[in-house]
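The values are calculated or read from the model by the stated rules, or taken from the named source; none is laboratory data. Since this is a predicted model, take the numbers as computed values, not measurements. Quick reminder, even Gly has a Cβ in these numbers, built from the backbone with ideal geometry, and neighbours come from all protein chains shown. In case anyone asks, the SASA skips ligands and DNA or RNA and just uses the protein heavy atoms, side chains included. Shrake-Rupley method; radii C 1.70, N 1.55, O 1.52, S 1.80 Å.
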Amino acid sequence: QVQLVESGGGLVQAGGSLRLSCAASGRTFSSYAMGWFRQAPGKEREFVAGIMWSADYTDSVKGRFTISRDNAKNTVYLQMKSLKPEDTAVYYCAASTRGLVAATSGRYNYWGQGTQVTVSS
């Protein structure tokens, strides 16, 4: 079992920044592909970013968001800059024990509880 705990969400004005963190349990964190997804009210959950040996991003966040990981701390981060109201959503951390980054939520085995990000205009 892998437990994921997100933190760092909150309320920020448009143009501001936030850094999300996701702490994972387990001894083989370095072998997991990690992803961030988000879900806005009334919308489907969507892929935001993923990382294994390299990072991948959805087009709408490229150049604004950066995903990174610290395997020594079993933690993955999502640095978000130049935030827009349309970034408002619950952000979820996910882990894939297959070790492959994917934009499809079904490819991830484990999920955190989510953290709310609200960007005001």
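Run the numbers for LYS81 and GLN13: contour at 0.36 nm per residue of separation, minus the present Cα-Cα distance, in nm.
23.4 nm
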Once the dipole of the chain is set up from charges on Cβ (+1 Lys and Arg, -1 Asp and Glu), the residue from the list VAL12, SER68, SER121 lying farthest towards its positive end is SER68
In Å², rounded to a whole number, the accessible area per residue of the range 54-119 with probe 1.4 Å is 49
If every Lys and Arg gets +1 and every Asp and Glu gets -1 at its Cβ, then about the Cα centre the range 34-82 yields a dipole, in debye to the nearest 20, of 160
Here the range 15-25 yields Karplus 3J(HN,Hα) values (6.51, -1.76, 1.60; θ = phi - 60°; whole Hz; Gly and Pro given as x) of x, x, 10, 8, 10, 8, 10, 9, 9, 10, 8
Straight-line reach check, LYS84, cutoff 16 Å on alpha carbons, 8 or more apart in-chain or any other chain, hits among lysines -> LYS62
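Let me spell out the model: positive unit charges on the Cβ of Lys and Arg, negative unit charges on the Cβ of Asp and Glu, origin at the Cα centre of the chain. What dipole size does that give, in debye rounded to 20?
Numbers: 13 positive and 8 negative charges, 39 e Å.
The calculated dipole for the chain is roughly 180 debye.
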With x for Gly and Pro, the residue-by-residue ³J(HN,Hα) of the range 34-43, computed from phi through the Karplus equation 6.51 cos²θ - 1.76 cosθ + 1.60 at θ = phi - 60° and given in whole Hz, is 10, x, 10, 10, 9, 9, 8, x, x, 10
